[in-house]
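Next up is a structure, given as structure tokens.
The values are calculated or read from the model by the stated rules, or taken from the named source; none is laboratory data. Just so we're clear, the structure is a prediction, and the values are computed from it rather than from any experiment. Using ideal geometry, Cβ is built from the backbone for each residue, glycine included, and neighbour counts are taken over all protein chains shown.
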2 protein chains.
Amino acid sequence: MPELVAKRDVMALNEWLAGASTLDVADELARLSPSDRAITFRLLPKDRALEAFELLDPIHQQELLEGLRDSSVRQLFEDMDPDDRARLVDEMPAKVAKQLLAGLSPRERTLTSRLLGYPENSAGRVMSPEVVNLKANQTAGDALERLRRIGASAETIYALPVTDDARRLVGVLGLRDLVLADPATKVGDLMDTDVYKARVDQDQEEIARLMQEADLLALPIVDTEDRLVGIVTVDDAMQILEEEQTEDVARAGGAEPLEHPYLSVSVLGLARTRVVWLLVLIVAATLTVNVLHVFEATLDQVVALTLFIPLVIGSGGNAGSQSATTVTRALAVGELRTSDVALVVLREARVGVLLGAMLAALAFLPTMLFIDARMAAVVSLTLLAVCTLATLVGSLLPLLARRLGFDPAVMSAPFISTLVDATGLVVYFLIAKAVLGI
Amino acid sequence: MPELVAKRDVMALNEWLAGASTLDVADELARLSPSDRAITFRLLPKDRALEAFELLDPIHQQELLEGLRDSSVRQLFEDMDPDDRARLVDEMPAKVAKQLLAGLSPRERTLTSRLLGYPENSAGRVMSPEVVNLKANQTAGDALERLRRIGASAETIYALPVTDDARRLVGVLGLRDLVLADPATKVGDLMDTDVYKARVDQDQEEIARLMQEADLLALPIVDTEDRLVGIVTVDDAMQILEEEQTEDVARAGGAEPLEHPYLSVSVLGLARTRVVWLLVLIVAATLTVNVLHVFEATLDQVVALTLFIPLVIGSGGNAGSQSATTVTRALAVGELRTSDVALVVLREARVGVLLGAMLAALAFLPTMLFIDARMAAVVSLTLLAVCTLATLVGSLLPLLARRLGFDPAVMSAPFISTLVDATGLVVYFLIAKAVLGI
């Protein structure tokens, strides 16, 4: 398909667009250059264009708008859902955003400005303010009638919040239960009063995880006085979880998260996400230089000790990464709480000893044959000690980070490795001195 | 709350249960010991018990069933959704499963056995076979009437597949559009014919990602002849994505995924998920011993070279992890395809040079002051070379793994580090020989 665009083969391109699903169209659009993207986008019929536009990443939406005529831009912007529009505005230069917002119809402008007033990463930013609420004393039939009249503008009608006269949330009724009910039944008798809800200033990840764990299609959002202000839908929750996941993964690899899709980030931008941690880690690594400097005399006496330096500290780093990754994930999905420290430490210590003993056993014979029995004893004992130590450190640091309010994922594999490198060396030389009697 | 259970304070426990949300109850149940869990579970009223049971992990469901009376077990098992039941059966000893399946009503037994007939990780295993399908020539009013009659047993009615007389899928109608439509309109005129669907033998992760990207609440599942056999709902998709994510994260940390929640895995089980990779990596690390052995004479001549071994190979490992993590994630979320190799390599090579140059610049002056200018040149040049090399290797290996059909996440930080350690050492000594003229 990119070849068709490159060749400007409009006929073949039109044919391809007609046959492809909107998702495929959006996927291909995301991979085109901004100018090719605009050309291709203009070939789409109006309703499919909006659908494809909504599936694009905000950065691509923003690039696309720059390549379209003013009237198309205004129309697209007007037709978007308020929460998607707010996300796009975040991406734009302030001046462009202001101009576009000014061109909106008063209704849409008010809805969007309200969302933009909430702090970043709060529920308020992703919720849809267009929510249909029911009253407890309505009948199911009346409620359905009301839905037919005003439901079309709401982002979801699958979960219908029920409110009192002060717009306070008293229950939630699923559209399914409403449809299946006898039309004469009162909404108050049908609704679920054991209601999941979230505050408008709550963190997005928290509410997305709640929706996932409780299997919710939509979550009502209330203000500080428990009044209904909006609703978050499950597709937004999935997107939030994917973004959080991408952040966690990046941090676990020792880099800051990318703000845009990989191919939309420049080489300089990629380097920027990695350089800080890389510099921090190399500064931390100077500790190993110092440790080796201190034990230089020992190394001079037994040059063979040098041979096992990378192996010994590498194994420590690996055991530490494994443990850190496991505990970080268990924290992220809620299987562990910070109060479980003692439990986790006890388990991981035993795992560390077990793994260390296996590595020690594996290393003993080859080292004995390669060097001698005393060196083999040094390497094996060090592996046992370093592996246990690294597993402990790797499990403790994420718990500590969480308790201090950081993202546990910053306790990444590279970070743990660097940290246990210097300690591992000290352990190695102390054991060597003791066993070899230097 | 665990204290209340420990004290067997039934009154306080009942009070806590009445006030907590079902999700909180399930969370706490998951953290109790199997016997405490059974005791607490029996205090729940019947409908809440089923809800809480459905929120539990299959391993906890299975443990719980062991602690309950036969009649309660049969009832719970009968009331579960067929797809959840199939997941639970996977967890059970074959004998227990057979017995329980035999106790089911014929209808539920047929539904479950059909699901169990599909291969593991296929769409068939997670879909709900109880799906309400409409006909194109029905009116919206008739369709709603049909829903009222038979909709209660279906897992979802939010997306309604429309089929022809041979049960072949011809469209999908959202409940929302059905409710909002004029009752006299034909289903055929309301339905969406640009339909997303999946084959019953397709991989679960694929379909979950499709649902996420296309923002679907439910996805119709068809057999090889395009006949409707079931439907997958968004809550199952979210769960699949979370499980896949947990697998990827574990592999990225150099361990095999845990099969159960962290606290339900024994110390031996934890060690088992980590030992294989740890052993593979230590065997790979013997390469570094050999490299150092080869260059032992060089080390003897310039002992100062030893000082920088951990720093130089550590920096390479870190740069490689960063790059591998970034590319692996971009592949997982579909931002990159394996055909993008050339593009990625070009970008990452430039990022590597950039980062290497910065590390080199940072390291030069301190090394000059600490040792001398020639040693500083060796360290800086090595950092530049190793960083570039590691970034390249780190970006290439995940792409290669994917092309060969492996999970790119096995190209983990520990794996990349171990791999570039030996190469990094060779580069280091070659540069040292050239610069120092040994």
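Quick check, is B:V353 facing chain A (nearest Cβ under 9 Å) and either out of contact with any strand residue (DSSP E or B) (no Cβ under 6 Å at 6 or more places or on another chain) or of a type in the set (A, V, I, L, M, F, W, C) (or both)?
Spelling it out, it is not the case that B:V353 is facing chain A (nearest Cβ under 9 Å) and either out of contact with any strand residue (DSSP E or B) (no Cβ under 6 Å at 6 or more places or on another chain) or of a type in the set (A, V, I, L, M, F, W, C) (or both).
Given the conditions (1) under 21 Å from A:Q212 (Cα atoms); (2) surrounded by fewer than 16 Cβ atoms within 10 Å (Cβ to Cβ), which single one is not true for B:S33?
(1)
Let me ask you something else. Suppose we keep only residues that are crowded, with 23+ Cβ neighbours inside 10 Å and of a type in the set (A, V, I, L, M, F, W, C) within the range B:201-215. Which one would you say is farthest from the other protein chains (Cβ to nearest Cβ)?
Of everything passing the filter in the range B:201-215, B:I207 is farthest from the other protein chains (Cβ to nearest Cβ).
Only one residue in B:V344, B:V379, B:V386, B:V420 is modelled with pLDDT under 95, crowded, with 20+ Cβ neighbours inside 10 Å and closer than 17 Å to A:L278 by Cβ. Which one?
B:V420
Next up: Across the range B:287-306, what is the total count of residues that are free of Cβ contacts under 8 Å to residues at least 60 places away in the same chain and within 17 Å of A:V291 (Cα to Cα)?
Residues in the range B:287-306 being free of Cβ contacts under 8 Å to residues at least 60 places away in the same chain and within 17 Å of A:V291 (Cα to Cα): 2 in total.
Can you pull out the residues in the range A:287-323 that are at the interface with chain B (Cβ under 7 Å from one of its Cβ atoms), of a type in the set (V, I, T) and not in a loop (DSSP other than H, G, I, E, B)?
Residues satisfying the conditions are A:T288, A:V289, A:T306, A:I309, A:I313.
While we're looking at this one, here's another question. Need the failing condition index for B:V162 against (1) at negative phi; (2) touching a residue at least 60 places away in the same chain (Cβ under 8 Å), just the number.
B:V162 satisfies every listed condition except (2).
Would you call A:A422 within 10 Å of chain B (Cβ to nearest Cβ), more than 28 Å from A:E335 (Cα to Cα) and within 36 Å of the chain's Cα centre (by Cα)?
Judged against the criteria, A:A422 is a match.
Hey, another quick one. Any residue at all in the range A:113-122 that's under 19 Å from A:M211 (Cβ atoms) and at pLDDT 90 or above?
yes
Residues are listed down the side, and each one gets a yes or a no for (1) surrounded by fewer than 15 Cβ atoms within 10 Å (Cβ to Cβ); (2) assigned to a helix (DSSP H, G or I); (3) among the polar types (S, T, N, Q):
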position	(1), (2), (3)
A:L68	no, no, no
A:S72	no, yes, yes
A:L76	no, yes, no
A:D83	no, yes, no
A:L88	no, yes, no
A:K95	yes, yes, no
A:K98	yes, yes, no
A:L101	no, yes, no
A:L104	no, no, no
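Within the range B:126-159, which residues are modelled with pLDDT of 90 or more and charged (D, E, K, R)?
If the condition is that a residue be modelled with pLDDT of 90 or more and charged (D, E, K, R), then B:K135, B:D142 are the ones that fit.
Moving on. For the range A:219-239, enumerate the residues that are in contact with a strand residue (DSSP E or B) (Cβ under 9 Å, 6 or more places away or on another chain) and part of a helix (DSSP H, G or I).
A:V234, A:D236, A:A237
Taking B:T326 and the conditions (1) in contact with a helix residue (DSSP H, G or I) (Cβ under 6 Å, 6 or more places away or on another chain); (2) under 30 Å from A:L55 (Cβ atoms); (3) assigned to a helix (DSSP H, G or I), which numbered condition does it fall short on, given that it satisfies the others?
(1)
Select from the range B:240-260 the residues that are within 21 Å of A:R209 (Cβ to Cβ) and part of a helix (DSSP H, G or I) and list them in ascending order.
B:I240, B:L241, B:E242, B:E243, B:E244, B:Q245, B:T246, B:E247, B:D248, B:V249, B:A250, B:A252
While we're on this one: Applying the selection to the range B:274-286, what residues are at the interface with chain A (Cβ under 8 Å from one of its Cβ atoms) and in contact (Cβ under 8 Å) with a residue 12 or more places away in the chain?
B:R274, B:W277, B:L278, B:L281, B:A285 - these are the residues of the range B:274-286 that are at the interface with chain A (Cβ under 8 Å from one of its Cβ atoms) and in contact (Cβ under 8 Å) with a residue 12 or more places away in the chain.
Out of the residues in the range B:117-144 that are without any contact (Cβ under 8 Å) to a residue 40 or more places away in the chain and buried (at least 18 other Cβ atoms within 10 Å of the Cβ), state the one that is nearest to B:L228 (Cα to Cα).
Taking the candidates together, the pick is B:V132.
Can I ask one more? Run down B:L270, B:L241, B:L258 and say which single residue is within 30 Å of B:I157 (Cβ to Cβ), under 26 Å from the mean Cα position of the chain (by Cα) and crowded, with 18+ Cβ neighbours inside 10 Å.
B:L241
Just to be sure, is B:L263 surrounded by fewer than 23 Cβ atoms within 10 Å (Cβ to Cβ), at the interface with another protein chain (Cβ under 9 Å from one of its Cβ atoms) and in a loop (DSSP other than H, G, I, E, B)?
no
Only one residue in B:L210, B:L216 is in a loop (DSSP other than H, G, I, E, B) and assigned by TED's automatic domain parsing to the domain that holds B:A143, so which one is that?
B:L216
Can you tell me which residue is nearest to the other protein chains (Cβ to nearest Cβ) among those in the range B:145-161 that are outside any loop (DSSP other than H, G, I, E, B) and buried (at least 20 other Cβ atoms within 10 Å of the Cβ)?
B:L147
Filter the range B:361-371 down to residues that are of a type in the set (G, A, S) and either more than 10 Å from every other protein chain (Cβ to nearest Cβ) or in contact with an Asp or Glu (Cβ under 7 Å, 6 or more places away or on another chain) (or both), then give me how many there are.
Selection size over the range B:361-371: 1.
Looking only at the range B:12-47, count how many residues are within 19 Å of B:S71 (Cβ to Cβ) and part of a loop (DSSP other than H, G, I, E, B).
4
Condition check ((1) within 14 Å of another protein chain (Cβ to nearest Cβ); (2) under 31 Å from the mean Cα position of the chain (by Cα)) across all residues:
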{"residue": "A:R31", "(1), (2)": "yes, yes"}
{"residue": "A:L43", "(1), (2)": "no, no"}
{"residue": "A:L76", "(1), (2)": "no, yes"}
{"residue": "A:R85", "(1), (2)": "no, yes"}
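Among the residues that make up the range A:189-199, is at least one of them assigned to a strand (DSSP E or B), modelled with pLDDT of 90 or more, more than 10 Å from chain B (Cβ to nearest Cβ) and in contact with a Lys or Arg (Cβ under 9 Å, 6 or more places away or on another chain)?
Taking every residue of the range A:189-199 in turn, none turns out to be assigned to a strand (DSSP E or B), modelled with pLDDT of 90 or more, more than 10 Å from chain B (Cβ to nearest Cβ) and in contact with a Lys or Arg (Cβ under 9 Å, 6 or more places away or on another chain).
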